[in-house]
């Protein structure tokens with residue numbers, strides 16, 4: 001079995017599931033970023049309204065040399 005398509009599916013599924021969790025602030029949106037060409041995958045939180053701009057990476061995965069790299073994980077500080 002080719003691992004790469006399986007890794008893509010697993011990462012995307014995990015990020016989609018985690019994106020269902022909402023913050024207490026209704027204005028903050030979860031955004032999924034999937035760059036299949038470069039194998040970068042992110043879940044970010046964004047709120048561009050007002051002076052208090054929110055841009056926060058919740059989870060970031062990269063696939064390099066057929067290995068999954070967890071580059072960012074801030075799920076322990078989600079509010």
Quiz prompt | Among the candidates 59, 14, residue that is at pLDDT 95 or above, touching a helix residue (DSSP H, G or I) at 6+ places or on another chain (Cβ under 9 Å) and under 20 Å from residue 74 (Cβ atoms) | solution = 59
Self-check item: Output for the range 11-58, where each listed residue is surrounded by 15 or more Cβ atoms within 10 Å (Cβ to Cβ), free of Cβ contacts under 8 Å to residues at least 24 places away in the same chain and in a loop (DSSP other than H, G, I, E, B)
Solution: none
Quiz prompt | The one condition in (1) surrounded by 12 or more Cβ atoms within 10 Å (Cβ to Cβ); (2) in contact with a helix residue (DSSP H, G or I) (Cβ under 6 Å, 6 or more places away or on another chain) that residue 66 fails to fulfil | solution = (1)
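The values are calculated or read from the model by the stated rules, or taken from the named source; none is laboratory data. Keep in mind the model is a prediction, meaning the values are calculated, not measured. Neighbour counts are summed over all protein chains in view; Cβ atoms, including those assigned to glycine, are modelled from backbone coordinates with ideal geometry.
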